[in-house]
Amino acid sequence: MPSFSSGAPQHNARRKQLIRQQRKSLPIASVEKKLVEEVRKNDTLIIVGETGSGKTTRGKSHWHHSASKRVAEECNDQLGKKVGYSIRFDDSTSNATRIKYMTDGLLLREALLDPLLSKYSVIVVDEAHERTVHTDVLLGLLKKVQHSRSIYADKDGKNLSNKQDLSQSLTLKTCQATKFAPLKLIIMSASLDAKCFSDYFGGAKAVHIQGRQYPVDTLYTYQPESDYLDATLVTIFQIHLEEGPGDILAFLTGQEEIESLERLIQERVRQLPPDSSKIWTTPIYSSLPSEQQMNAFKPAPAGTRKIVLATNIAETSVTIPGIKYVIDPGMVKARAYNPVTGMESLIIIPVSKAQALQRRGRAGREGPGKCFRLFQECEFDKLAESTVPEIKRCNLSNVVLQLKALGIDDIIGFDFIEKPPRTSILKSLEQLILLGALTDDYKLSDPVGKQMSRLPLDPMYSKALIVSSEFKCLEEMLIVVSMLSVESIFFTPREKLEEARAARKSFESTEGDHITLVNVYRAASECLEKSKNASAKEKTMEKALNRWCWENFINYRSLRHARDVHSQIQGHVQQMGLNLSSCGDDMVQFRRCLTAAFFLNAAIRQPDGSFRALGTGQSVQMHPSSVLFRTKPDCVIFNELVRTTQNYIKNITRIDPLWLAELAPQYYATED
DNA sequence: TAAACCTTT
């Protein structure tokens, strides 16, 4: 049973000192004037806002005072027109928009068409501390753009040598304006460590904004806990029986852990004394249907304590009201990448100090709280300061392709805020050459590389679309890449496994998972067509589709998403002039096309029944979710290689091994 | 006979 100690005195002293430093700075409302002044004085400003400082809700809509007084005045009158937002499938902006909220990924896409981001005079990067791949690439790009625009602005665009200087650093084709204003940058971060951003931007000034957080007591265990799930269970009941009222938030690593802990809690509830107060558990994780997610935000009935079992989603993405107690087992599920094999996997690892602080902060939003860390205090000191940025632990093919398309040729020499492993970059360059996106001397190829960089897809999927146009089955491939680009399409609840399996049977193709996905997509479209004939109302149609998904054990949200991706990509390929052809019933033709597109992911069956992935030489198994599981194809292509208890391949189609040498001779001609 | 942490183009 875990027993807890309070944080050691020296730790408290350190915190107190920190708090004293922060008191010198003021909450955002009273520093507005100062911020405006700082933005005017500095080209780049780092704003460090503690949790609860209100920087996201107030900061964003207030910095523009510095950009133009006139805009600010008008803004007060016509907020709807001057302020807009733009996300992947939804754009509310117009020519009148002065302030645009958008995602980092979308701004990167815009940069492909307008490399100097000439529309913008001030760019605010929010949540920079999260260090997603997009944030890191964007920061590198913005630093470069800022430099280029300052050269251009200084010389007023009249000096030819400077123009060349500029076009060397960035493709200048679309930039016809004669004069650029300097680009102002505001980097907003919640981390206490502003130094890395400041150093990166040449010693840029950092302004700290105090947070409005209530004190949170931090408790550690006296001994190491070998089973954090059991320790969480015990701690939940310890709090419930010994502490005052207030809801509990427990951080777990995934859906399965959450579900099993929920069952364990329910079992133990029965052992409680009959007169003790009630508890109500509510899970929250991203793949949970949104109606069920909303439960976590509802207040518990009177006399009942709410226990929220959450993944990382509750760390930053959502804030659940009423939380007084946080349980932090100190573990997280994170993406990992092996650049040698090119394999991504999910592993459970200890959290960073920054993550632990963020989790603790969730207990102090509405009043003083308590945070129970299920590890010893000496273990906290051993944790990494901050989470390893994503760019260091993911496949970089898309990043490399984007940078190449932006005219940045020296990827290894690119000024990243933190450099990804050299081997990751080399692996991606190699893959892009094999896909034909880059020439042998690492230049973006024309038209293939250019076309691929315009498509918002995994480079291998982009290539598949181009190939399929030649094979006259673009229509089928468009469906496949859309379905492969979203979360799992099939919904298989543990308690209805047999029913779900039976439902899937009607879509199954003996050739493999790709054609099965096409069948699902087409059946869903047919369902929509039918309801369209019955009623023209969009709402009714969506309802019919939702019901159809439910009956067929299809994940509605995933299918909806796949349809959005499909229509977006369809627009792109039509613009590119690709021929929207169908192979009809000729499935041999389609499988040959899959072979030509995904030849890098081919696998041959071994005498022992396992497979050998030809690209990497790894020994792999068919994943039990494949429709080909329990069949014995000699040769297959696949789209995913995941490592869990074993190396598994998923999304598999059987092919003729002879097709490999015929359709990908550049890769397989030398092999037998 | 397995099991997807979070985003996002």
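The values are calculated or read from the model by the stated rules, or taken from the named source; none is laboratory data. None of the values given here were measured: they were computed from a predicted structure. All Cβ positions, even for glycine, are placed from backbone atoms using ideal geometry, and neighbour counts span all protein chains on display. To get the accessible areas, we keep the full protein, side chains included, count just its heavy atoms, and leave off ligands, DNA and RNA. Shrake-Rupley method; radii C 1.70, N 1.55, O 1.52, S 1.80 Å.
Any residue in the range A:415-439 that is within 22 Å of residue A:142 (Cα to Cα) sitting within a Cβ distance under 6 Å of a residue that is open to solvent by 60 Å² or more (accessible area, probe 1.4 Å)? List the pairs, counting only those 6 or more apart or interchain.
Once the first residue is within 22 Å of residue A:142 (Cα to Cα) and sits in the range A:415-439, its partners that are open to solvent by 60 Å² or more (accessible area, probe 1.4 Å) give A:420/A:392.
Hey, can you tell me all the residues within the range A:596-620 that are open to solvent by 60 Å² or more (accessible area, probe 1.4 Å) and of a type outside the set (Val, Ile, Thr)?
If the condition is that a residue be open to solvent by 60 Å² or more (accessible area, probe 1.4 Å) and of a type outside the set (Val, Ile, Thr), then A:605, A:607, A:608, A:612, A:619 are the ones that fit.
Within the range A:134-143, is there a residue that is in a strand (DSSP E or B), over 23 Å from residue A:452 (Cα atoms) and outside the structural domain of residue A:317 (by TED's automatic domain parsing)?
First pass over the range A:134-143, keeping only residues in a strand (DSSP E or B): none.
No: the range A:134-143 contains no residue that is in a strand (DSSP E or B), over 23 Å from residue A:452 (Cα atoms) and outside the structural domain of residue A:317 (by TED's automatic domain parsing).
May I ask you to list the residues in the range A:628-672 that are open to solvent by less than 20 Å² (accessible area, probe 1.4 Å) and of a type in the set (Val, Ile, Thr)?
Hits for the range A:628-672 are A:636, A:637, A:649, A:652, A:653, A:655.
From the list A:654, A:591, which residue is under 23 Å from residue A:485 (Cα atoms), modelled with pLDDT of 95 or more and out of contact with any Pro (no Cβ under 9 Å at 6 or more places or on another chain)?
One residue alone meets the criteria, A:591.
I'd like the residue in the range A:557-596 that is closer than 18 Å to residue A:653 by Cα and basic (Lys, Arg) and, out of all such residues, is nearest to DNA strand B (Cβ to nearest atom).
A:591
Scan (1) surrounded by 16 or more Cβ atoms within 10 Å (Cβ to Cβ); (2) out of contact with any strand residue (DSSP E or B) (no Cβ under 9 Å at 6 or more places or on another chain); (3) of a type in the set (S, T, N, Q) for the single condition residue A:319 breaks and write down its number.
The number of the failed condition is (1).
From the list A:644, A:653, exactly one residue is of a type outside the set (Gly, Ala, Ser) and within 14 Å of residue A:344 (Cβ to Cβ). Which is it?
The conditions single out A:644.
Of everything in the range A:573-589 that's over 19 Å from residue A:637 (Cα atoms) and assigned to a helix (DSSP H, G or I), which residue is least open to solvent (accessible area, probe 1.4 Å)?
So, considering only residues that are over 19 Å from residue A:637 (Cα atoms) and assigned to a helix (DSSP H, G or I), the one least open to solvent (accessible area, probe 1.4 Å) is A:573.
Please report, ordered by residue number, the strands (runs of 3 or more DSSP E) entirely within the range A:221-313 with at least 3 residues that are more than 16 Å from DNA strand B (Cβ to nearest atom) and either in the same structural domain as residue A:329 (by TED's automatic domain parsing) or over 22 Å from the mean Cα position of the chain (by Cα) (or both).
Details: elements: A:247-251, A:278-284, A:304-310.
It comes to A:278-284, A:304-310.
Which of the residues spanning the range A:506-515 are away from DNA strand B (no atom under 14 Å from the Cβ) and assigned to a helix (DSSP H, G or I)?
Matches in the range A:506-515: A:514, A:515.
Restricting to the range A:272-307, and then to whatever is among the polar types (S, T, N, Q) and under 24 Å from residue A:493 (Cα atoms), can you tell me which residue is most open to solvent (accessible area, probe 1.4 Å)?
Applying the filter and picking the extreme gives A:292.
Listed here are the residues, each with its yes/no results for (1) surrounded by fewer than 20 Cβ atoms within 10 Å (Cβ to Cβ); (2) more than 16 Å from DNA strand B (Cβ to nearest atom); (3) in a loop (DSSP other than H, G, I, E, B); (4) at pLDDT 85 or above.
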site	(1), (2), (3), (4)
A:483	no, no, no, yes
A:492	yes, no, yes, no
A:500	yes, no, no, yes
A:518	no, yes, no, yes
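Do we have any residue at all in the range A:534-541 that's crowded, with 17+ Cβ neighbours inside 10 Å and either under 25 Å from residue A:465 (Cβ atoms) or touching a residue at least 60 places away in the same chain (Cβ under 8 Å) (or both)?
no
Is there any pair linking a residue in the range A:319-338 that is within 16 Å of DNA strand B (Cβ to nearest atom) to one that is of a type in the set (Asp, Glu) and in a strand (DSSP E or B), with Cβ under 9 Å and at least six apart or on different chains, and which?
Pairs found: A:320/A:247; A:335/A:344; A:336/A:344; A:337/A:344; A:338/A:344.
Considering the range A:364-418 alone, what residues qualify as being of a type in the set (Val, Ile, Thr) and in contact with a strand residue (DSSP E or B) (Cβ under 9 Å, 6 or more places away or on another chain)?
Residues satisfying the conditions are A:387, A:388, A:400.
I need the full set of residues from the range A:441-467 which are within 23 Å of the chain's Cα centre (by Cα) and acidic (Asp, Glu), in order please.
A:458
Take the residues in the range A:400-414 that are open to solvent by 20 Å² or more (accessible area, probe 1.4 Å) and either closer than 23 Å to residue A:454 by Cα or within 22 Å of the chain's Cα centre (by Cα) (or both), then tell me which one is nearest to DNA strand B (Cβ to nearest atom).
Going through the qualifying residues, I end up with A:402.
If I filter the range A:100-154 down to residues being hydroxyl-bearing (Ser, Thr, Tyr) and open to solvent by less than 20 Å² (accessible area, probe 1.4 Å), which single residue comes out as farthest from DNA strand B (Cβ to nearest atom)?
Filtering the range A:100-154 down to residues hydroxyl-bearing (Ser, Thr, Tyr) leaves A:101, A:103, A:118, A:120-121, A:132, A:135, A:148, A:150, A:152.
Still in the list and also open to solvent by less than 20 Å² (accessible area, probe 1.4 Å): A:135, A:148, A:152.
Numbers: A:135: 10, A:148: 23, A:152: 27 Å.
So, considering only residues that are hydroxyl-bearing (Ser, Thr, Tyr) and open to solvent by less than 20 Å² (accessible area, probe 1.4 Å), the one farthest from DNA strand B (Cβ to nearest atom) is A:152.
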